[in-house]
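> Have a look at this one before I ask anything.
Readers should treat all values here as calculations from the given coordinates under stated rules, not as data from a laboratory. Model, not experiment: these values are computed from the prediction. Note that each Cβ is placed from the backbone with ideal geometry, even for glycine, and that neighbours are counted across all protein chains shown.
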Amino acid sequence: MSVETRTLSAAIVLCACGTATVAAAQTDYASVRDEVDTIRIEARAQRFEPRQSVVAGGFPMHTSDYEVVAVWDPAGKRAHEAWDMSLIFPVPGTMQIAFTNNETVGIREQMGGLPGAAGGPMESSRIGANFKDLWLSNPILLLAHAEERASSRVDGDEGPVERLQLVLEDTEWLMEVDGTSGLPAAASTIENDPHSGRIENRIEFSDWREVDGIPFPFRLEQFTGGQLVRRELRTAVDVNPGSADSLLALDASELEPGDPAMRRWGWDMSHIILKRAGGGNIGNIPQIENVAFEEIAPGIFLVPSTHNNLIIEGPDGLALVDASWYPERSVTLLDRVAERWPEKQITYLILTHHHVDHTGGMRPVIEAGASVVISAKSAGYYREIFESTMTGSVRLIEVGQFLSLDETGREIHVYDVYTEHADGMIAAYVPDEKLLFNADLFSPNRPLQFGLWFDDLMNAIEWHGIDVEKHVGGHGAGIAAHPVDTSGHTMPVIRMVDPAR
Ligand SMILES: [Zn+2]
């Protein structure tokens, strides 16, 4: 069919009876379900990430702009999405990424993006997340395919609103339908979130236009926990396009079967996986298979990954620096710690900064009794999420410029690092080994460095007067020696440790 669109007048109604009651609107949705086999959407969009803000809890970081073409067969559970992205944060650049998948398996084609992100089979988590996002982004199709459980009518500030509780794929959705126009104003669902536990994922719809007699929103704004994560301006919508079958074609014969549990894991956390789209496929799995300890100095252990942790062993306890990505990984890490050090507890969890890729695994470690060491600048953010989501008490240790920690029986210093990467950045230092751990500012033994943030760390070392001999990082591979060549960021390698993925 053609791509002709026109702006709907305010008088549009979804039923012949003249009033857009819920029941009457549903009748119309049934014919949408029968008649719409596939849709094709072209859009321009911006992505934002609240969990990568400069200030903890502050304005979301603008991470990418992109153009996207999405072809979707909702009933057949097939999709093809091609994203042409300008990446802004953390690494400026470009990335072309395309997904073609059925319900359980798919193929990713990728050029550019973060190092380590590559083409290949799609993770089941990404398939789940992509489908969740398609439903949430297309309210008329969600209404056409979901089961309605309840409805109520409320008089909002801007007129009456029908609130519909829907169920689809064992998931509850809330649809807010404008009682005057009969069109969905917003759709939302509650998802898992590493920081907040549960969080609202909500899209607001406007600029409704009719395509082959079916209304589609051409402007979308998405929020998680009330914070902006996406703006989307649609440039074309096509119903039952002729090109759909060729774009959706997938040869699945060579692909390993999908993992339903991981599909659900991604589905239940689609906002995290979609927000990270700017980085490609990093972060699409909880990385629970690669938790291992590498002793890189006496009593100091690197837990290598895409996002490293450090364990510092003292006679009376352990300190863990950072808790990467997801709670599932920390559960595995706690098991391995208990096997290796049955007599010792994690006394301190030192969090370098609030970004979710370094803190998303914090909750199990805190629940196991660790005191949380954070910058005083971020304390308000942590206090709020702990008070609203955790039942037990949490001991917060706030670092101003400097703090010495001694409860493990081994001296550990924590320093404030001023950097534009994140307000409230701290670095952990073990004086007896002259070893400094930082995250995101300098990545030892890794080619990719960030010049300005690197300078911020070197300045902090100089101005605090820290006697550093060895660098370890939240990213990178093993230990590098200080001083680092600040002009080319080259460094003498003390020990390489592969960041196993
Ligand atoms: Zn960061």
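> Let a ≥ b ≥ c be the square roots of the eigenvalues of the Cα gyration tensor of region 257-394; is it rounded (a/c under 1.5), or, if not, prolate (a/b larger than b/c) or oblate? Working shown, then result.
Working: a/c = 1.74, a/b = 1.25, b/c = 1.39.
Oblate shape, in that a/c is at least 1.5 and b/c is the bigger or equal ratio.
> By counting other Cβ atoms within 10 Å of each Cβ, how are Leu87, Leu351, Leu228 ranked from fewest to most? Walk me through the intermediate numbers first.
Working: Leu87 22, Leu351 26, Leu228 17.
Arranged by neighbour count, lowest to highest, Leu87, Leu351, Leu228 become Leu228, Leu87, Leu351.
> Separate question: Once both axes come from the Cα atoms, what is the angle between helix 22-35 and the longest principal axis of the chain, in degrees from 0 to 90, rounded to 10?
90
> Among all the lysines, which ones have a C-alpha under 22 Å from Lys470's C-alpha, if same-chain residues fewer than 8 places away are not counted?
Of all the lysines, those that pass the test against Lys470 - Cα under 22 Å, at least 8 places apart if same chain - are Lys434.
> With +1 assigned to the C-beta of every Lys and Arg and -1 to the C-beta of every Asp and Glu, and no other charges, what is the dipole magnitude of the chain about the Cα centre in debye, to the nearest 20?
Values: 39 positive and 74 negative charges, 23 e Å.
The calculation lands at about 100 debye.
> Could I ask something else about it? Obtain the radius of gyration and the Kirkwood radius of region 294-495 from its C-alpha atoms and give Rg over Rh. Intermediate results must be reported in sequence, preceding the final value.
Values: Rg = 15.7 Å, Rh = 16.7 Å.
Ratio of gyration radius to Kirkwood radius: 0.94.
> Which one of Pro444, Met262, Ala43 has its Cα pushed farthest toward the positive end of the charge dipole of the chain, where Lys and Arg give +1 and Asp and Glu give -1 at the Cβ?
So the residue we want is Pro444.
> For region 338-385, what is the largest minus smallest coordinate of the Cα atoms on each principal axis, given in angstrom and ordered from greatest to least?
34, 19, 17
> Which of the lysines could be linked to Lys275 by a straight reach, that is with a Cα gap under 27 Å, when you skip same-chain ones fewer than 8 residues away?
Those lysines meeting the cut-off are Lys77, Lys132, Lys377.
> Further question on the same structure: Rounded to the nearest whole Å³, what is the per residue volume of the convex hull around the Cα atoms of the chain?
148
> Name the residues whose placed amide hydrogens come within less than 5 Å of the amide hydrogen of Gly119, ignoring near sequence neighbours (fewer than 5 apart) on the same chain.
Gln110
> Okay, next question. For region 370-386, what does the Karplus curve 6.51 cos²θ - 1.76 cosθ + 1.60, with θ = phi - 60°, yield as ³J(HN,Hα) per residue in whole Hz, taken in order and with x for Gly and Pro?
6, 7, 9, 9, 9, 5, 4, 5, 9, 4, x, 4, 5, 4, 5, 6, 5
> Another question, then. Name the residues whose placed amide hydrogens come within less than 5 Å of the amide hydrogen of Gly369, ignoring near sequence neighbours (fewer than 5 apart) on the same chain.
Residues meeting the amide H criterion: none.
> Follow-up. Just to confirm the number: angle between the C-alpha axis of helix 124-137 and the first principal axis of the chain, 0 to 90 degrees, nearest 10?
The angle comes out near 50 degrees.
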